Amino acid sequence: MRWVALDYGGTLTDPDAPIDLDLGMRPICPDVAETLQELHERGFGLILASNTTAEPRQDRQAALRAAGVLSLFTATLTSADLLIAKPSAAFYRMVLAVAGCSPDRVTSVGNDPFKDVAQPIAHGMNAVYLARSPRKAEELPKGVPVISHLNELPTLLSSGAP
């Protein structure tokens, strides 16, 4: 099985959307929920790998549940729950432990060139950058695929890209 480790904030949500006061964070975009379902149907394992605040606690599971996609995730790894955060090596070891496979079978997807791309690559994983800022895309290691929306990910991964 191939695995996808997804960041939350800039990957599953619209950063310009208002914060849902019931969730205490931005909700998952409906079209992103469809993409997560497609990845799951194509046989990809999904792991949420997200830095969160402890106070007030950001319950990513509540947001995944509200979007109807919680059951698609094998694990939700959040810094507030683990007491470690990206870019700590221990955080990426947790992602790999959940995947239970060699690092090259895991692709990290996120919008932070360091935490979601460079550091996972340093731990042997693949990475895909979700471009929210062209300026930040210039900071990427060479050869990292760049997408502008998560709905591009299933095609990219099915084409044999990392």
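Overview of results
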read-out	value
Charge dipole (the chain, unit charges on Cβ, about Cα centre) - positive-most of SER79, ASN126, ASN111	ASN126
Computed [θ] at 222 nm, deg cm²/dmol, the chain (DSSP H ≥ 4; -39,500 (n - 2.57); rounded to nearest 500)	-7500 deg cm²/dmol
Max mean-square fluctuation residue, GNM over the chain, Cα-Cα springs under 10 Å, options ARG105, ARG26, ARG65	ARG65
Residue among ILE84, ILE147, ILE19 with the largest mean-square fluctuation in a Gaussian network model of the chain, springs linking Cα atoms under 10 Å	ILE19
Phi-based couplings in Hz for region 85-102 (Karplus 6.51, -1.76, 1.60; Gly and Pro marked x)	9, 5, x, 4, 4, 4, 5, 5, 5, 5, 4, 5, 5, 5, 5, x, 8, 5
Approximate spin-label separation LEU21-ALA54, in nm, with each point projected 7 Å along Cα-to-Cβ	2.8 nm
Cubic angstrom per residue, convex hull over Cα atoms of region 86-162	84 Å³
Cα convex hull volume per residue for region 3-158 (Å³)	103 Å³
Phi-based couplings in Hz for region 67-72 (Karplus 6.51, -1.76, 1.60; Gly and Pro marked x)	8, x, 10, 4, 5, 7
In sequence order, calculated HN-Hα J values of region 146-157 (Karplus, 6.51, -1.76, 1.60; Hz; x Gly/Pro)	10, 10, 9, 8, 4, 5, 7, 5, x, 5, 4, 5
Given charges at beta-carbon only (K, R positive; D, E negative), |dipole| of the chain in Debye	500 debye
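Read the figures in this text as sums done on the coordinates, not as results from a lab. Everything numeric here is computed off the predicted structure, so don't read it as measured data. All Cβ positions, glycine included, derive from the backbone under ideal geometry; neighbour counts span all protein chains shown.
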